[in-house]
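Data first, discussion second: the structure below is written as structure tokens.
The values are calculated or read from the model by the stated rules, or taken from the named source; none is laboratory data. All figures in this text were calculated on a predicted structure; none of them were measured in a lab. Methodologically, a virtual Cβ is constructed for each residue, glycine included, from the backbone with ideal geometry; neighbour enumeration extends over all protein chains shown.
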Amino acid sequence: MTHRFAAQTVALGTVLDLSIAPSARERIFVTEWRGWWLLTTPDAMDRAPGYARLFLAAGRAERTDEAPNGAAAETFTAWHARDADRVVELEVPSRLPHVQGRLLRLGYRSDKWARRGQWDDYEHDFSERGGAPPLLYTDRADIEDSSAALVVGGDMVITERGIA
């Protein structure tokens, strides 16, 4: 199955680390993605469990002259409890065809509910309630060479309070 990176996304924070299970007996802890963007779609909070999507991407964002508006700005405001103040462009791969396994845990840093730049670290364990963890797809077969990823499926939902 091939997935595509969403054309419009909303910044939730940055990745600290993650753990995936490529198989029932193997666990991989990824720290190389520290500082990657943690993004979601403008309709993320409206999606049913299993249909929410998180995008992870490396790269430098270029600011545009565009003013934040529409569903993406509304989602940013709901997540961060403050208005969006900029729109940026981020170059990302167009396809995410390689399944890496189940995402067991995600650590991220966000300034949600705080002044811009006042960061807190969060850790989400997708198996803590006995639910099905989402799948992790990447743009490259070798996870170490990847520059973009998608988290989708399982029982994951995205709410104003965070990732559940």
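Observations on the structure shown:
- Residues that are closer than 22 Å to PHE76 by Cα, modelled with pLDDT of 90 or more, part of a strand (DSSP E or B) and of a type outside the set (Val, Ile, Thr) do occur in region 150-161.
- Residues being over 14 Å from TRP37 (Cβ atoms), touching a residue at least 40 places away in the same chain (Cβ under 8 Å) and either over 19 Å from the mean Cα position of the chain (by Cα) or buried (at least 17 other Cβ atoms within 10 Å of the Cβ) (or both) - total across region 85-98: 2
- Scanning region 109-143 for residues that are within 15 Å of ILE20 (Cα to Cα) and either assigned to a strand (DSSP E or B) or of a type in the set (Phe, Trp, Tyr) (or both) turns up GLU123, HIS124, ASP125, PHE126, LEU135, LEU136, TYR137, THR138.
- Restricting region 44-57 to residues that are more than 12 Å from PHE5 (Cβ to Cβ) and among the hydrophobic types (A, V, I, L, M, F, W, C), the residue that is surrounded by the fewest Cβ atoms within 10 Å (Cβ to Cβ) is ALA48.
- Qualifying residue in region 4-14 (condition: exposed (fewer than 14 other Cβ atoms within 10 Å of the Cβ), hydroxyl-bearing (Ser, Thr, Tyr), more than 20 Å from ASP145 (Cβ to Cβ) and touching a strand residue (DSSP E or B) at 6+ places or on another chain (Cβ under 7 Å)): no
- In region 13-39, the residues that are modelled with pLDDT under 90 and within 25 Å of ASP83 (Cα to Cα): GLY35
- Unmet criterion (only one of (1) touching a residue at least 24 places away in the same chain (Cβ under 8 Å); (2) assigned to a loop (DSSP other than H, G, I, E, B); (3) under 17 Å from ILE143 (Cα atoms); (4) under 14 Å from the mean Cα position of the chain (by Cα)) for TYR51: (3)
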